[in-house]
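Report on the structure given below.
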Amino acid sequence: MYKLVLIRHGESQWNLENRFTGWHDVDLTDTGAAQATMAGKLLKEAGFSFDLAYTSVLLRAIKTLNIALEEMGQHYVPVERHWRLNERHYGALTGLNKAETAEKHGDEQVKIWRRSFDVPPPFVEDDSEHFPGHDPRYNNVDPAILPRGESLKLTIERVLPYWHDAIRPAIQDGKRIIIAAHGNSLRALVKYLDDMSEDDVLGLNIPTGVPLVYELDENLRPISKEYLGDPEEIKAMTNAVANQGKSN
Ligand SMILES: O=C(O)[C@@H](CO)OP(=O)(O)O
């Protein structure tokens, strides 16, 4: 039996401002940093220790991981950062306020953009500031495979190769692992691990900064999963994420 911990980054500045974020690189808010500290505390109290950590190349996930590991006294754990764990790219929606977008296009359309399985947002052009090809951190990635906008389906297609090539073999090698990533890159992983249907994943929302602990059998099929923390608080945080795309 293996244990795997997933954690979405703590609240970011654009979560607070309710803006579509995607690959835009925003920092944590003070609340987000406090959530990361709390996550570290809960993991420490539950007796976790890690051999290896994975995260994206975005500040909010990197910082959440660092803060949590430091709180656990495990700041020395090796970290692999990879663009394939980045948030789903929100294309031309990047930067827009979610509630205002719902007022303009309707709650239903925004729900489709946010949570449908295979409807991508409108894509950005290559000359957009939100096309990652202009960002030096992606210099080693073929621009042809860099996203201009992604559905959850497209996100799954770029997250899973990293799972299969890097993370899964490390787990099966006995490494105790934490993955700090994003709302939708983690929805991609959870859909895969839990073998969720395209319909069921529509209702899946992941709260910020709360550790999600999986127990996996030798074939990496889930035996159990649970969030660490106060269930009522986690439920309220999860509902808040679901409601971000509604008009006021
Ligand atoms: O804006 C985003 O990048 C994501 C996560 O914060 O939002 P949503 O929950 O709307 O998919």
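By the count of neighbouring beta-carbon atoms within 10 Å, fewest first, Tyr2, Tyr54 end up ordered Tyr2, Tyr54.
Ordered by the count of other Cβ atoms within 10 Å of each Cβ, fewest first, Glu17, Glu11 give Glu17, Glu11. Going 7 Å from the Cα of Glu157 along its beta-carbon direction, which residues of the range 100-116 have the amide nitrogen within less than 17 Å of the resulting point? Once the point is set 7 Å along Cα→Cβ of Glu157, 116 turn out to lie under 17 Å by backbone N, inside the range 100-116. Rg/Rh, computed from the Cα trace of the chain with Rh as the Kirkwood radius, has the value 0.94. Simple point charges give the picture: +1 on the Cβ of Lys and Arg, -1 on the Cβ of Asp and Glu, and for the chain a dipole about the Cα centre of about 180 debye.
Taking the Cα centre of the range 134-248 as origin and assigning +1 to Lys and Arg Cβ atoms and -1 to Asp and Glu Cβ atoms, the resulting dipole is close to 360 debye. Tell me, how many Å apart are the Cα centres for the range 1-71 and for the range 200-248? Distance between centres, Cα-based: 14 Å. For Tyr54, the residues 5 or more places off, or on other chains, whose built amide H falls under 5 Å of its own are Glu80, Ile178, Ile179, Ala180. Once the dipole of the chain is set up with Lys and Arg at +1 and Asp and Glu at -1 on Cβ about the Cα centre, which of Trp83, Gly149, Trp23 lies farthest towards its positive end? In the chain, that residue is Trp83.
Stretching Asn140 away from Glu226 to a fully extended chain increases their span by 27.3 nm, per 0.36 nm per residue minus the current alpha-carbon distance.
Bear in mind these aren't lab numbers, they're just calculated from the coordinates by the rules spelled out. Since the model is a prediction, treat every value here as computed from it, not as a measurement. Neighbour counts run over all protein chains shown; Cβ positions are idealised from the backbone, glycine included.
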